[in-house]
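The structure under discussion appears below in the form of structure tokens.
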Amino acid sequence: MDSWCLYCAKQGLGMFKSAWDKLNAELYQQHPYYDSRFIETMLQYFAHDTVWLCVHQSGGVIDGMLLVQRKGITKWSLFLPAQAQVTPLLLQDTALLPQLLPLLPGFTLGLDLPCQDPAYSPLSCDPGTLQATVMAHALTINVNLSAGSFAEYLQRRSKKFRQNLQRRFEKVQQAGFGFTLHCFTKEAEMESALAQFGMLESKGWKEKIGTAVHLNNRQGQFYLQLLQRFAKTEQACVYQLCLNDQPVAMELCIASAKMLILLKTTYDEDFAAYAPGRLLLYLLLQREFECKRVQTVEFYTSADHNELAWADGARWISHHMLLRNPAVRYCHRLKKSLMNKKLSKEDKQEYTAGD
């Protein structure tokens, strides 16, 4: 019988792990963020009892899977820890989604579907068919490694971009620094690499606000286990830029056969004048163009004009919200309209008072 079934996911994907990876391969060419190793590591470190694995079967074949967590009394959301930039929605057919809402525990009016990458999601920008709303969230970028050589990639950049990079490298050389790029890929190297990553982060502003990665905190243990799991199949790497043998910038990465994802960047703020993060990115891309092991480098960031200068492509990551029925959608739109009118009126009053 065609139906959705719900399972507690705090302990992982369990018996559905292989089915999860099969759907990811069929739909999204084994996207690293959707890989069961990434998902199960997130569940291990950040899931609570309210996280559920939803599995749909049609004719005995699994054709839909997603992870949800409660968000308020009448709403649920896809599971989205801060360490994930996009969320998996493994569906052969989006028509399966509305059937899920009545089956979620409690009385559910809506399901948030945040951080959907249009290149790797079944959802479109047209909300009409799903009684949904759509909101742009972040502009992410990528570099296409299959479009020629690194030299050709640089020629596609602006003249000002190339000149700025040249000046940065000249500044490093004039200061008497030699630079070296290291790439750690072996499972046995990940603990040492992450320890060095943590040392760099602990010197900067992230340490002051308590978000720096350390081997002895939950976030550090998450990244260590994640990198070790991917390194077993040669799909993890940690890039490190050294100036005179001193680490000044590092990048954590995971990969599939198609893409390399830049997970997390850090740099030594004492060397900020030399823009070590940008120098590392330049050398990283140069090496990836030479290796030709993937087709694209995905940044998964909220790009500003400086980051857009590196990009071959850009697309909007969007938040979607699925509502239970047309009546709920109408009420949601009405509430939103009234709130916008109220804000507009308050802004007008504030402007008048300012005069």
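The values are calculated or read from the model by the stated rules, or taken from the named source; none is laboratory data. As the structure is a computational prediction, the values presented were derived from the model and not from experiment. Ideal geometry is used to build each Cβ from the backbone, glycine not excepted, and the neighbour counts take in all protein chains shown. What goes into the accessible areas is simple: the full protein's heavy atoms, side chains included, and nothing from ligands, DNA or RNA. Shrake-Rupley method; radii C 1.70, N 1.55, O 1.52, S 1.80 Å.
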Over the chain, the sum of -39500 (n - 2.57) across DSSP H runs of at least four, divided by residue number and rounded to 500 deg cm²/dmol, gives at 222 nm -11000 deg cm²/dmol
Can you tally the net charge around Val51? Count Lys and Arg as +1, Asp and Glu as -1, for every other residue whose Cβ sits under 13 Å from the Cβ of Val51. +1
Shape call for segment 28-133, from the Cα gyration tensor axes a ≥ b ≥ c (a/c under 1.5 means rounded, otherwise prolate when a/b beats b/c, else oblate), comes out rounded
How would segment 80-128 be classified by its alpha-carbon gyration tensor: rounded, prolate or oblate, with rounded meaning a/c under 1.5 and the a/b versus b/c comparison settling the rest? oblate
Per-peptide average of other Cβ atoms within 10 Å, ordering 293-302, 33-42 highest first: 33-42, 293-302
Going from most exposed to least, what order do Ile209, Ile141 have by accessible area with a 1.4 Å probe? Ile209, Ile141
Can you give the angle from 0 to 90° between the axis of helix 17-28 and the longest principal axis of the chain, with both taken from C-alpha atoms, to the nearest 10? 80
Dipole magnitude of the chain about its Cα centre, charges +1 at Lys/Arg Cβ and -1 at Asp/Glu Cβ only, in debye to the nearest 20? 760
Which entries in the list Lys171/Lys208; Lys171/Lys206; Lys17/Lys292; Lys71/Lys258; Lys171/Lys292 go over 32 Å, if you measure between the two C-alpha atoms of each? Lys71/Lys258
Summed residue charge, Cβ within 12 Å of Arg167's Cβ, Lys/Arg positive, Asp/Glu negative: +4
Distance between Cα centroids, segment 57-86 to segment 206-285: provide it in whole Å. 28
Helix 36-46 axis, angle to the chain major axis (alpha carbon atoms, nearest 10°): 80
Rounded to the nearest whole Å², what accessible area per residue is found for segment 18-78 with the 1.4 Å probe? 38
Gyration tensor on Cα atoms of segment 1-75, a ≥ b ≥ c root eigenvalues, a/c under 1.5 rounded, else prolate if a/b beats b/c, else oblate, says oblate
Under 5 Å between amide hydrogens, which residues at least 5 positions from Phe79 or on another chain qualify, with H placed 1.01 Å from N in the peptide plane? Leu67, Val68, Gln69
As I understand it, the value is the acute angle between the Cα axis of helix 276-291 and the longest principal axis of the Cα atoms of the chain; what does it come to in degrees, rounded to 10? 80
If I compute mean projected area of the Cα convex hull in nm² from the structure I just sent, which labelled value in [x] 16.5; [y] 22.1; [z] 18.4 lines up? [y]
With +1 at each Lys and Arg Cβ and -1 at each Asp and Glu Cβ, the charge dipole magnitude of segment 86-168 around its Cα centre, to the nearest 20 debye, comes out at 1000
Taking the chain and dividing mean pair separation by its residue count, relative contact order in percent (alpha carbons under 8 Å, at least six apart): 21
